[in-house]
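S.K.: Once you've had a glance at the structure underneath, I'll fire off some questions.
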Amino acid sequence: MNTEPFSNTAHSFYALYETLPENVQQAFLEELLQKKHQELENLAFSLACKQAKEENQFLSESETQAFIQNLS
């Protein structure tokens, strides 16, 4: 699947967002967070994992266990 058109569209939307007055940007972000909170958290986690993988930054066994224990 060619993601270039989506990337260009996303970039164009971001460029538009950047032209908005600061108070409108703030209101937009607030509404986005309220309505898409879980999706944004999932995306942030996914991007962090992707970056860690690209940088070969993996958790040690003890760090993994501590992370799992802290989930509950």
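S.K.: Kindly indicate which of 34, 38, 51, 69 is surrounded by 10 or more Cβ atoms within 10 Å (Cβ to Cβ) and not hydrophobic (A, V, I, L, M, F, W, C). Before the answer, list the steps.
M.R.: Values: 34 fails: surrounded by 10 or more Cβ atoms within 10 Å (Cβ to Cβ); 38 fails: surrounded by 10 or more Cβ atoms within 10 Å (Cβ to Cβ); 69 fails: surrounded by 10 or more Cβ atoms within 10 Å (Cβ to Cβ).
When all the criteria are applied, what remains is 51.
S.K.: May I pose another question? Would you tally the residues in segment 19-31 being surrounded by 10 or more Cβ atoms within 10 Å (Cβ to Cβ) and part of a loop (DSSP other than H, G, I, E, B)?
M.R.: So the count comes out to 1.
S.K.: What tally of residues in segment 1-13 results from selecting those that are of a type in the set (A, V, I, L, M, F, W, C) and modelled with pLDDT of 85 or more? Before the answer, list the steps.
M.R.: The first filter runs over segment 1-13 and keeps only residues of a type in the set (A, V, I, L, M, F, W, C), leaving 1, 6, 10, 13.
Then drop every residue that is not modelled with pLDDT of 85 or more, which leaves 10, 13.
Final tally of qualifying residues: 2.
S.K.: Condition first: among the aromatic types (Phe, Trp, Tyr) and in a helix (DSSP H, G or I). Now tell me which residues in segment 35-72 satisfy that. Break it down into steps so the answer makes sense when it comes.
M.R.: Here is the first cut: in segment 35-72, the residues among the aromatic types (Phe, Trp, Tyr) are 45, 58, 67.
Selection gives 45, 67.
S.K.: Using beta carbons and a limit of 8 Å, which pairs, at least six apart or on different chains, have the first residue in segment 5-29 and within 22 Å of residue 39 (Cα to Cα) and the second one of a type in the set (A, V, I, L, M, F, W, C) and assigned to a helix (DSSP H, G or I)?
M.R.: 17/28
S.K.: Read through the list (1) loosely packed, with under 10 Cβ neighbours inside 10 Å; (2) at pLDDT below 95; (3) part of a helix (DSSP H, G or I), then give the number of the only condition that residue 16 fails.
M.R.: Condition not satisfied by residue 16: (2).
The values are calculated or read from the model by the stated rules, or taken from the named source; none is laboratory data. All values reported here derive from a predicted model rather than from experimental measurement. Every residue, glycine as well, gets a Cβ built from its backbone with ideal geometry; the counts of neighbours run over all protein chains shown.
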